[in-house]
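Note sheet for the following structure.
The values are calculated or read from the model by the stated rules, or taken from the named source; none is laboratory data. Predicted, not measured: the structure shown is a model, and the values here were computed from it. All Cβ positions, even for glycine, are placed from backbone atoms using ideal geometry, and neighbour counts span all protein chains on display.
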Amino acid sequence: MRHPLKLTVEEFQRWSNRHITLLGMSGVGKTYLSAVLRRNDWFHYSGDYRIGTRYLDEPILDLIKTQAMQVPFLRQLLRRDWIAIRNNIKVDDLGAVMSFIGQLGNPELGGMGLGEFSRRQALYRDAEISAMRDVPEFIDKARRIYGYRHFVNDVGGSLCELDEPAVIELLAAHTLILYIRVPPEDEIKLIERAQADPKPLYFRPEFLRSAVKDYLAEHQLEYVADIVPNDFTRWVFPRLFHSRVPRYEAIAKPYGYTVSSGEIASVRDEQDFLQLIATAIQRQH
């Protein structure tokens with residue numbers, strides 16, 4: 001039985017209010033593509049932005065206030081409500097979210113222990129699930145309040161890590177899922193780009209435990225506190241990338257369509273994008 005949003009080319013072309021979910025690793029072009037569509041009457045729903053401004057806003061502020069309370073001058077101002085602190089999260093600047101998620105390793109180098117890191121990871125996972133559950137409501141809001149005909153859901157790269165089938169079912173019921181695959185020849189380039197410009201990362205608990213164990217053994221270290229945070233982040237990303245590929249494909253095969261990151265890079269306007277989806281649908285039929 002065909003899924004409600006597994007369309008033929010003709011059905012897609014007749015679809016007057018299009019809702020698309022972009023699926024893929026950070027750096028494959030999801031936000032670039034969303035920015036192109038935003039200029040053409042598309043509502044851009046950024047999962048990471050929603051996470052930061054709605055579901056992690058208070059934990060981030062709590063962390064900032066905890067640090068501020070250690071400074072005597074700021075402590076007095078906060079306790080007397082003479083100052084207020086707020087987050088300034090932007091779609092293209094998730095610095096506050098990244099600071100909260102943090103890095104594993106030596107506290108003297110800006111890292112944190114495995115227990116605290118795992119606690120924040122769990123909060124991040126719950127936040128991403130909640131942000132994805134909000135998609136149907138925002139599809140309605142985008143049209144009813146703001147007058148947008150079309151909707152693009154720019155999801156975080158860790159959607160495939162959540163192990164929450166109901167979320168995928170929800171997105172597939174309300175949006176057309178477009179998976180942006182990275183061809184083998186482009187993998188090194190994407191990994192290097194992600195290492196140079198990191199985004200917030202979620203690690204499945206079993207993946208994290210295995211990665212930490214292997215990293216400690218490979219670097220002949222005994223404790224997590226001995227890990228250099230930036231080095232671990234650079235080391236773990238290629239492993240994370242390759243572990244995610246089959247997970248993305250397991251979503252895309254039954255629920256969506258696949259294009260390559262190279263094809264996305266050639267999109268210059270809405271018409272290019274619509275033609276690319278039509279091509280992807282045709283390839284699958």
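Look through G29, G52 and report the one residue that is in contact with a Pro (Cβ under 9 Å, 6 or more places away or on another chain), surrounded by 19 or more Cβ atoms within 10 Å (Cβ to Cβ) and either modelled with pLDDT of 95 or more or not hydroxyl-bearing (S, T, Y) (or both). I'd like the intermediate steps shown before the answer.
Working: G29 fails: in contact with a Pro (Cβ under 9 Å, 6 or more places away or on another chain).
Being in contact with a Pro (Cβ under 9 Å, 6 or more places away or on another chain), surrounded by 19 or more Cβ atoms within 10 Å (Cβ to Cβ) and either modelled with pLDDT of 95 or more or not hydroxyl-bearing (S, T, Y) (or both) holds for just one of G29, G52, which is G52.
Any chance the range 80-98 includes a residue that's out of contact with any helix residue (DSSP H, G or I) (no Cβ under 9 Å at 6 or more places or on another chain), aliphatic (A, V, I, L, M), under 23 Å from F203 (Cβ atoms) and surrounded by fewer than 20 Cβ atoms within 10 Å (Cβ to Cβ)? Yes, some residue in the range 80-98 is out of contact with any helix residue (DSSP H, G or I) (no Cβ under 9 Å at 6 or more places or on another chain), aliphatic (A, V, I, L, M), under 23 Å from F203 (Cβ atoms) and surrounded by fewer than 20 Cβ atoms within 10 Å (Cβ to Cβ). For the range 34-48, a residue qualifies if it is surrounded by 21 or more Cβ atoms within 10 Å (Cβ to Cβ) and part of a helix (DSSP H, G or I), and the qualifying residues are L37, G47, D48. Comparison of L216, L276 shows that the only residue that is hydrophobic (A, V, I, L, M, F, W, C), crowded, with 16+ Cβ neighbours inside 10 Å and out of contact with any helix residue (DSSP H, G or I) (no Cβ under 7 Å at 6 or more places or on another chain) is L216. Once the range 77-96 is narrowed to residues that are assigned to a helix (DSSP H, G or I) and modelled with pLDDT under 90, the residue that is nearest to G52 (Cα to Cα) is A96.
For every residue, the table says whether it meets (1) touching a residue at least 60 places away in the same chain (Cβ under 8 Å); (2) under 28 Å from Y49 (Cα atoms); (3) among the charged types (D, E, K, R); (4) surrounded by fewer than 18 Cβ atoms within 10 Å (Cβ to Cβ).
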position: L190; (1), (2), (3), (4): yes, yes, no, no
position: Q195; (1), (2), (3), (4): no, yes, no, yes
position: P205; (1), (2), (3), (4): yes, yes, no, yes
position: V224; (1), (2), (3), (4): yes, no, no, no
position: N230; (1), (2), (3), (4): yes, yes, no, yes
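Evaluate the following for T31: is it among the hydroxyl-bearing types (S, T, Y), closer than 21 Å to F273 by Cβ and in a helix (DSSP H, G or I)? Against the criterion (among the hydroxyl-bearing types (S, T, Y), closer than 21 Å to F273 by Cβ and in a helix (DSSP H, G or I)), T31 qualifies. Answer with yes or no whether L22 is assigned to a helix (DSSP H, G or I) and surrounded by 15 or more Cβ atoms within 10 Å (Cβ to Cβ). Taking the combined requirement at face value, the residue does not satisfy it. Annotation note: of Y124, Y148, the sole residue that is touching a strand residue (DSSP E or B) at 6+ places or on another chain (Cβ under 7 Å), modelled with pLDDT of 95 or more and not in a strand (DSSP E or B) is Y148. Count of the range 103-113 residues, restricted to those that are surrounded by 15 or more Cβ atoms within 10 Å (Cβ to Cβ) and either assigned to a helix (DSSP H, G or I) or without any contact (Cβ under 8 Å) to a residue 60 or more places away in the chain (or both), is 1. Taking the range 220-285 and the helices (runs of 4 or more DSSP H) fully enclosed by it, the elements with 2 or more residues that are touching a Cys at 6+ places or on another chain (Cβ under 7 Å) are at 229-255.
Limited to the range 160-188, what total is found for residues that are under 23 Å from Q103 (Cα atoms), crowded, with 17+ Cβ neighbours inside 10 Å and over 16 Å from the mean Cα position of the chain (by Cα)?
Summing the residues that are under 23 Å from Q103 (Cα atoms), crowded, with 17+ Cβ neighbours inside 10 Å and over 16 Å from the mean Cα position of the chain (by Cα) in the range 160-188 gives 0.
When I251 is tested against the conditions (1) surrounded by 19 or more Cβ atoms within 10 Å (Cβ to Cβ); (2) under 20 Å from M112 (Cβ atoms); (3) at pLDDT 95 or above; (4) not acidic (D, E), the lone failure is (2).
Beta carbons closer than 7 Å, at least 6 apart along the sequence or on distinct chains, pair a first residue in the range 156-183 that is over 16 Å from Y257 (Cβ atoms) with a second that is in a loop (DSSP other than H, G, I, E, B) and polar (S, T, N, Q) for G157/S26.
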